[in-house]
There are 4 protein chains.
Amino acid sequence: MTKKLGWIGLGNMGQPMVTRLLNAGFDVTVYNRTRSKAEPFAAMGAKIADSPRELAAGVDTVITMVSDGETLEEVLFGEGGVLSGITAGQTVIDMSTVGPEPVQKAATEFAARGAKFLEAPVSGSVGPAKDGTLVILVGGDEAAYEAHKPVFDVLGKASFHFGENGQGANAKLAINLMLGVFLQGLSEALVLGSKAGLDRETLLKAIAQTAVAAPIVLGKTPSILADEFPAAFALKHMEKDFGLALHTAKKTEASLPVTSSAHQTYVAAKANGLGDHDLMAVLTQLERMAGLK
Amino acid sequence: MTKKLGWIGLGNMGQPMVTRLLNAGFDVTVYNRTRSKAEPFAAMGAKIADSPRELAAGVDTVITMVSDGETLEEVLFGEGGVLSGITAGQTVIDMSTVGPEPVQKAATEFAARGAKFLEAPVSGSVGPAKDGTLVILVGGDEAAYEAHKPVFDVLGKASFHFGENGQGANAKLAINLMLGVFLQGLSEALVLGSKAGLDRETLLKAIAQTAVAAPIVLGKTPSILADEFPAAFALKHMEKDFGLALHTAKKTEASLPVTSSAHQTYVAAKANGLGDHDLMAVLTQLERMAGLK
Amino acid sequence: MTKKLGWIGLGNMGQPMVTRLLNAGFDVTVYNRTRSKAEPFAAMGAKIADSPRELAAGVDTVITMVSDGETLEEVLFGEGGVLSGITAGQTVIDMSTVGPEPVQKAATEFAARGAKFLEAPVSGSVGPAKDGTLVILVGGDEAAYEAHKPVFDVLGKASFHFGENGQGANAKLAINLMLGVFLQGLSEALVLGSKAGLDRETLLKAIAQTAVAAPIVLGKTPSILADEFPAAFALKHMEKDFGLALHTAKKTEASLPVTSSAHQTYVAAKANGLGDHDLMAVLTQLERMAGLK
Amino acid sequence: MTKKLGWIGLGNMGQPMVTRLLNAGFDVTVYNRTRSKAEPFAAMGAKIADSPRELAAGVDTVITMVSDGETLEEVLFGEGGVLSGITAGQTVIDMSTVGPEPVQKAATEFAARGAKFLEAPVSGSVGPAKDGTLVILVGGDEAAYEAHKPVFDVLGKASFHFGENGQGANAKLAINLMLGVFLQGLSEALVLGSKAGLDRETLLKAIAQTAVAAPIVLGKTPSILADEFPAAFALKHMEKDFGLALHTAKKTEASLPVTSSAHQTYVAAKANGLGDHDLMAVLTQLERMAGLK
């Protein structure tokens, strides 16, 4: 039986994800704070709800994909929020990256109404969202995870259940800190190369042949050579995720020297106007710090 | 015309590299400080020289593959060293990782004798050395580079000419700093995961699906799960290469915050007895710093 | 007219501070969660309240001095908390170090009841608390600050008004990050000295003559030489304050590379059992990382 | 018996130091690469030598005070250098900051000629050089140290003998890393304060009352408030000393996370044109990284 899905959040990630679900034949109702972003989906067969509450009332499962914890708090627990429309037996799945604390709180709130809550943050940005090749990192009730595998299979190439609520969020933070660290590592290699007089294109070709040629390194190479960084994943969001990872690290007493060092460079990049660029613009910040720009 | 090659240095890297050259039909004379390491190669068709000088006198091209700058200095310029046996028209190729300064010095010394000098450090450790899939990063005379492509093609899957002497060395340092940073980034993700209660195997499976799944990350996964780190590339050598990269960075005024932060963790690992383990043992040091071990 | 003061929190700091106020002739009522800690003050003339609410009801000004934000939340806003006993015209002063957010929240809550709220965190640990040489960093209503100068003058050698609520807290965090960074800088100098073979006592004598001889450096010298670190200011509290400073830094987009690096070392120290020692035990953590211990 | 002294190096430090020695009645011969800087000292009673060799030939003790290791190498061992003019029984004292390796090398070279060599780097910049309140950190032969106490007593308020050659140099590096770290810690506190809206002057007044009020903090306060950083101790020299300290740390396997983090900020400052400003200009670099400038 195909579930009736409600989808909240039609930003860069939400749009291609909903498109895939509609194309796969799911019955989807959408809600977006700015309604104009929702309207194109009506032509594709989606219903449009006027509030999270209304949306929640008419579906089996509510999925949220928003930019940060404050927005999630608002759509779930604000006036006219999901909680006010939920009934026992429903499931809410948050696919945003907000860290373990908000999802644990949400799980508790929905459990009190007899509803289930999963967090299912994703690794991958706009490209994988379009291609359905996201990696989905799930925490919460295992049966609810299994029940929603058909949804996850449309959105991602793999999904993993990490345990209770909060553990999917933690897995996401662990993976994302690698992302931020890797791109700063790449950037520092390129800055060293430039200061030493190496041709950047040749250096990137050599890197592409080595054991550090992560998919993200290969993927960012064209934008590096063009020196243009339109946001696939905005630097300010990477900065936010570093903050969440370091918050969990502090609480669990994990000492993460390189993660915290990289975080401070992303903070500097954001303070210098690069927050809305792609996270690869950390290279630009490091080039400034090296006097190259 | 196949050149007569002389090979100095039969450590973990030199052994499989010479084996490949012999198998490919090259005429190879070998020298190793500890002669017993050279003897097995006689059975494979190699000649054995008693000194770098003797070796240099009988070949077209001398290749050195040693562990550090001091050893290179000794075999090239010490008593009975290569320089004392070199004649005009020969070529010397150093494939060690010693940084730009020793190779620039060597190039000057050999040029004074009418000989050519290339540095050709490699990216890749024992496995790629056996498989002939090293990446070879060359600095020095371009004609000499072209003339030795047949040798490089046996040893590596790709070679790149970066310009004058020192630039191959610089490229190597840039790539190796990425290696050290990436494995520390991976380690910090794993430490955060463990402190937060994530199952390490599931986390590594998820990482393997994402954009940070560099070949080195996938390659180290079995040793991480076994928690055993026999050296493919010894941590102390990574520590040395970080030092060389940061020395060049200092000279060229490149500010590399994450590289220097990672370096200090590798120094701590070395100071705590992990220098002869694989560089992946930086994970062990970080686990200790997190109170996990 | 001497005000009637209520004091909540009789830990290492609260005890000597209340003692000074009683000796100076103030009328003081005290409350402590563990009542046995309050009883000795009765003999010195203090009244004892059974709850924060009861305490608040009988005084002009309530002062809180607790260990962290959670405890402050509890004594101010929990059941039987200060808020439930407050009436218009009273003043509440928090002298703990909890960061700007809790004090801004508290100020709003008390303002709604017609009460004033100041934060007045202190720089200085047990010794200055006894001697009345704390430095008091105040945020909130300026008239309330002026009205309580007689209290501050008993407790500290200087007080500063930094503006609205939150700014005293911010000043405290700025100063405390210097403390943590300075002691790590000292520790790194001592570790380098020990690894290089310098006599530690001679090095400390030399340091004492130089421009880096901060009072805190001189003050910690005996404990360093004894290699014993009973807590004057517990390392775990310094770790907490680093976290608060970096939280404010993140929010205001201040990139603080050295502060964040030091923080991670304190996290490592805490994860390795040094949290209840004096913050100077960061030296022990660094000695371990250098293989000295 | 007053010794005949030869002095090489009349920069910012050398000038006031020679002036003190002349005023104290020492017989001083001076040499400076740019002779015009030497001439004013003739009017004060100094002789002027035309080369280090000539200078060495006419005195009991040669003192060098130059800007870096390359210059020291040149004046000691270059053509017409001190070594070429030295005879058995003389003493050479280097008061520059060049790290342990050059002074150990120099000691060996001079010992081969029967001459003694002390390194005696100083803590303190131009002000203390004028006032004779430098702190002098000595390595080398103890008898030679004792014999030159009268000279050190004119130049400094205290001198310490740390053992064999190299140990005075190491002590200097340990103390100087504290200097660089402390001023970055101060700068980060000020940057956090500015981003959070604190009045800088009030914050500095408060800092001046606390346990982190090191003499260097108080001494730099006027230049911070004026936001002008004429060099008392040039930032590029601090950057150099960080490099020397980290080189020794690497060799001795001391992990210094905060020192290396601070070093990278000073490198960035130098790469951005601040190398000839006072080291306090690290604040300017951090202000830029925070988007304040």
Matching residues in the stretch C:200-217 - criterion: being buried (at least 23 other Cβ atoms within 10 Å of the Cβ) and in a loop (DSSP other than H, G, I, E, B): C:210, C:211, C:212, C:214
Qualifying residue in the stretch B:157-170 (condition: in contact (Cβ under 8 Å) with a residue 40 or more places away in the chain and of a type in the set (D, E, K, R)): no
Checking residue A:44 against (1) open to solvent by 50 Å² or more (accessible area, probe 1.4 Å); (2) in contact with an Asp or Glu (Cβ under 6 Å, 6 or more places away or on another chain); (3) hydrophobic (A, V, I, L, M, F, W, C), the condition it does not meet: (2)
All positions within the stretch C:133-148 that are within 21 Å of residue C:97 (Cβ to Cβ) and open to solvent by 10 Å² or more (accessible area, probe 1.4 Å): C:133, C:141, C:145
Failed condition for residue B:73, given (1) more than 22 Å from residue B:169 (Cα to Cα); (2) in contact with a helix residue (DSSP H, G or I) (Cβ under 8 Å, 6 or more places away or on another chain); (3) part of a helix (DSSP H, G or I): (1)
Count of residues meeting criterion [open to solvent by less than 10 Å² (accessible area, probe 1.4 Å), within 7 Å of chain D (Cβ to nearest Cβ) and touching a residue at least 60 places away in the same chain (Cβ under 8 Å)] in the stretch C:174-184: 4
Residue list for the stretch B:223-232, restricted to those being open to solvent by less than 50 Å² (accessible area, probe 1.4 Å), more than 12 Å from every other protein chain (Cβ to nearest Cβ) and either on the phi > 0 side of the Ramachandran plot or small (Gly, Ala, Ser) (or both): B:223, B:231
Sole exception among (1) within 9 Å of another protein chain (Cβ to nearest Cβ); (2) more than 29 Å from residue C:187 (Cα to Cα) for residue D:143, by number: (1)
Sole residue being surrounded by fewer than 22 Cβ atoms within 10 Å (Cβ to Cβ) and either within 30 Å of residue C:102 (Cα to Cα) or charged (D, E, K, R) (or both), chosen from C:163, C:197: C:163
The stretch D:99-131, residues that are surrounded by 17 or more Cβ atoms within 10 Å (Cβ to Cβ), modelled with pLDDT of 95 or more and among the polar types (S, T, N, Q): D:104, D:123
Breaking point among (1) open to solvent by less than 40 Å² (accessible area, probe 1.4 Å); (2) over 19 Å from residue A:164 (Cα atoms), for residue A:64: (2)
Whichever residue in the stretch B:12-60 is outside any helix (DSSP H, G or I) and touching a residue at least 60 places away in the same chain (Cβ under 8 Å) and, among such residues, is nearest to residue B:144 (Cα to Cα): B:26
Cβ pairs under 8 Å, 6+ apart, first in the stretch A:188-208 and in contact (Cβ under 8 Å) with a residue 24 or more places away in the chain and more than 14 Å from residue A:220 (Cα to Cα), second open to solvent by 40 Å² or more (accessible area, probe 1.4 Å) and among the charged types (D, E, K, R): A:194/A:200; A:195/B:253
Residue list for the stretch C:233-258, restricted to those being within 27 Å of residue D:219 (Cβ to Cβ), more than 7 Å from every other protein chain (Cβ to nearest Cβ) and open to solvent by 10 Å² or more (accessible area, probe 1.4 Å): C:233
Enumeration of residues in the stretch C:23-55 that are touching a helix residue (DSSP H, G or I) at 6+ places or on another chain (Cβ under 7 Å) and under 20 Å from residue C:121 (Cα atoms): C:28, C:30, C:31, C:52
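Regarding residue A:12, is this residue in the same structural domain as residue A:143 (by TED's automatic domain parsing) and open to solvent by 70 Å² or more (accessible area, probe 1.4 Å)? Don't jump to the end; show me each part of the working.
Values: in the same structural domain as residue A:143 (by TED's automatic domain parsing): yes; open to solvent by 70 Å² or more (accessible area, probe 1.4 Å): yes.
Yes: the conditions hold for residue A:12.
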Count of residues meeting criterion [part of a loop (DSSP other than H, G, I, E, B), open to solvent by 10 Å² or more (accessible area, probe 1.4 Å) and among the aliphatic types (A, V, I, L, M)] in the stretch C:76-97: 2
Restricting the stretch A:268-292 to residues that are of a type outside the set (Gly, Ala, Ser), closer than 16 Å to residue A:182 by Cβ and under 19 Å from the mean Cα position of the chain (by Cα), the residue that is nearest to the other protein chains (Cβ to nearest Cβ): A:282
Residues of the stretch C:246-275 satisfying the condition of being more than 19 Å from residue B:288 (Cα to Cα) and either touching a residue at least 12 places away in the same chain (Cβ under 8 Å) or assigned to a helix (DSSP H, G or I) (or both): C:246, C:247, C:248, C:249, C:250, C:251, C:252, C:256, C:257, C:258, C:259, C:260
Candidate set: the stretch C:152-173, residues that are of a type in the set (A, V, I, L, M) and facing chain D (nearest Cβ under 8 Å); chosen: the one farthest from residue D:167 (Cα to Cα): C:158
Within the stretch C:185-216, tally of residues that are farther than 23 Å from residue C:289 by Cα and more than 7 Å from chain D (Cβ to nearest Cβ): 1
Residue check, residue B:220 in a helix (DSSP H, G or I), at pLDDT 95 or above and at the interface with another protein chain (Cβ under 7 Å from one of its Cβ atoms): no
Yes/no for residue D:199 being farther than 24 Å from residue C:169 by Cβ and acidic (Asp, Glu): no
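The values are calculated or read from the model by the stated rules, or taken from the named source; none is laboratory data. No experiment lies behind these values; they were computed from the predicted model shown. So basically every Cβ, Gly included, is an ideal-geometry build from the backbone, and we count neighbours across all protein chains shown. Note: accessible area is taken over every heavy atom of the protein model, side chains too, but ligands, DNA and RNA are not part of it. Shrake-Rupley method; radii C 1.70, N 1.55, O 1.52, S 1.80 Å.
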